[in-house]
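For reference, the structure is listed below as structure tokens.
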Ligand code: SF4
């Protein structure tokens, strides 16, 4: 088996774990979250870690040929994400209540969300209705470190997402 594939599989397993959490949150906040297809307010050009970049390249290969556009994120075309199913972690979290901060107690963390959501009311946030970004980022960095170590060639710390078109 391609050695990299081991790391890509671990990354996609992690993304599945994140997606399950996101689905649960979307259900819990369904009355307060207005994110929908065609809204690209959170979409900006971004850089991602090598493990994300090469995992996305591996799954897009021979499937999708996105084109670079001049929209706020170069992966947007007519306000729709060309790689939506395979978008990186940061894109998956758009709009949701995201908790950041060292403190174990979710109420002591700083919680952010898109201004277009939670306009009628802000629920009481707790560990079960927020996405703990520190937990997710720690795991992502851990996966990235292992991948970078095994890659054999030097890699940049982060890679511009739109560079994927040069690898497909
Ligand atoms: S990759 Fe897709 S979801 Fe992520 S910012 Fe770009 S257009 Fe938006």
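Can you pull out every residue in segment 114-151 that is touching a strand residue (DSSP E or B) at 6+ places or on another chain (Cβ under 7 Å) and either within 30 Å of residue 7 (Cβ to Cβ) or at pLDDT 95 or above (or both)? Before you say what the answer is, go through the steps one by one.
We begin by selecting, within segment 114-151, every residue touching a strand residue (DSSP E or B) at 6+ places or on another chain (Cβ under 7 Å); these are 125, 130-134.
Result: 130, 131, 132, 133, 134.
For segment 18-33, the criterion of a residue being within 13 Å of residue 143 (Cβ to Cβ) and in a helix (DSSP H, G or I) is satisfied by at least one position. Of the residues screened, residue 9 is one that is away from the ligand (no atom under 16 Å from the Cβ) and free of Cβ contacts under 8 Å to residues at least 40 places away in the same chain.
Selection of helices (runs of 4 or more DSSP H) fully inside segment 40-157 by the criterion of at least 1 residues being surrounded by 13 or more Cβ atoms within 10 Å (Cβ to Cβ) and more than 15 Å from the ligand (Cβ to nearest atom) returns 50-60, 133-151.
The set of residues in segment 14-33 that are in contact (Cβ under 8 Å) with a residue 40 or more places away in the chain and within 13 Å of the chain's Cα centre (by Cα) comprises 14, 15, 18, 19, 21, 22. Please determine, by comparing only the residues of segment 19-33 that are surrounded by fewer than 13 Cβ atoms within 10 Å (Cβ to Cβ) and over 22 Å from residue 6 (Cα atoms), which one is nearest to the ligand (Cβ to nearest atom). By that ranking, first place goes to 23.
The values are calculated or read from the model by the stated rules, or taken from the named source; none is laboratory data. Remember, it's a predicted structure, so these values are computed and weren't measured experimentally. We place every Cβ from the backbone using ideal geometry, glycine too, and count neighbours over all the protein chains shown.
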